[in-house]
Amino acid sequence: MRISTTRALAVTATLSLAAFGALGGLGALGPSYAGTQQRTGGLTGAPIVGTCSTMTPTQAGAKSDHSTVVDCSQAHTAEVAGVVKLPKNLTWSDATKAKLFRVIVDRCLPDVDATLGRDNPTRDSSAYDYVWFEPTQAQRDQGARWLSCSIDRPKAATLVNLPTSTTPFLPGGTLPDNVARCLTKSGYNTPCSAAHLWRATGTFTVSGSYPGTKALSAKAITKCRTRVRAGKPYAWTYRDKVTWNVGHDHVVVCYSKTRS
């Protein structure tokens, strides 16, 4: 399932964007996933890094990933970026969503970052996102102890085809509209090539441990003013507490109100 890890607020008396984003779907990789047949033990059913699929939004939010695997030369909406093992002291019986997400941020998010390339400010200003999965119950019964993470590209509440499978995904220089991050009126992440109301136009970083929503919003109100279009309402996003503290992503993204 998709769970919000990025929060967005707008600086006007009447506008407040809902929390949005994806920390990744807590789900399980289906037994039909390509390249899994030879894996046994702790990696039973685990996907092969680099596998592409035609994942749908419903599949991205489900507990098991039953998306159809395709060759990466064909149109696809997701690609596996990483597969990691559970820590030895963590069992499925006590593996809460919060504990599993912490493992994802610590062990799998670096693989997502490496696949996308560039730095945190650029990645957080891009339209790319990621989802993550756990094994099915049947795979866990066979000893599976893995989690996986896949990159996708949301377009509001849908997923659109990934424009590349060549690592790093992000090009140098200014991001083109098809991979630059914009937000819809409802606060959904969407490529700037699609209909949108907000465009990422600047970033800043905040040092130290997660300071809380009030402190981050106070900083954004001041610092985003010089990173957005003058005289217009603006918005900002920042990562959840786990991604901030464990994943060391301290970026605040500022958005200008625009339709282009």
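Rule-based calculations on the coordinates, nothing more; no lab input. Bear in mind the structure is a predicted one, so any value in this text is a computation, not a measurement. All Cβ positions, even for glycine, are placed from backbone atoms using ideal geometry, and neighbour counts span all protein chains on display.
Listed values, structure above:
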quantity	calculated
Cα-centre dipole for region 6-257 with unit charges at Cβ (Lys and Arg positive, Asp and Glu negative), debye to 20	1020 debye
Given Lys185/Lys223; Lys214/Lys241; Lys185/Lys232; Lys85/Lys241; Lys99/Lys219, the pairs whose alpha carbons are separated by over 21 Å	Lys185/Lys223; Lys85/Lys241; Lys99/Lys219
Cβ-based net charge around Phe204, under 9 Å, with every Lys or Arg adding one and every Asp or Glu removing one	+3
Debye intensity ratio I(q)/I(0), log10, region 6-257, q values 0.09 Å⁻¹ (C-alpha model)	-0.39
Overall Cα dimensions of region 206-254, principal axis frame, Å, largest first	36, 16, 14
Region 173-236 - Kirkwood radius from inverse mean 1/r over Cα pairs (Å)	13.1 Å
Vicinal HN-Hα couplings computed from phi for region 54-68 (Karplus, 6.51 cos²θ - 1.76 cosθ + 1.60; Hz; Gly/Pro x)	9, 5, 9, x, 5, 5, 5, x, 7, 6, 10, 8, 10, 5, 7
By average C-beta atoms within 10 angstrom, highest first, the peptides 160-171, 97-108	97-108, 160-171
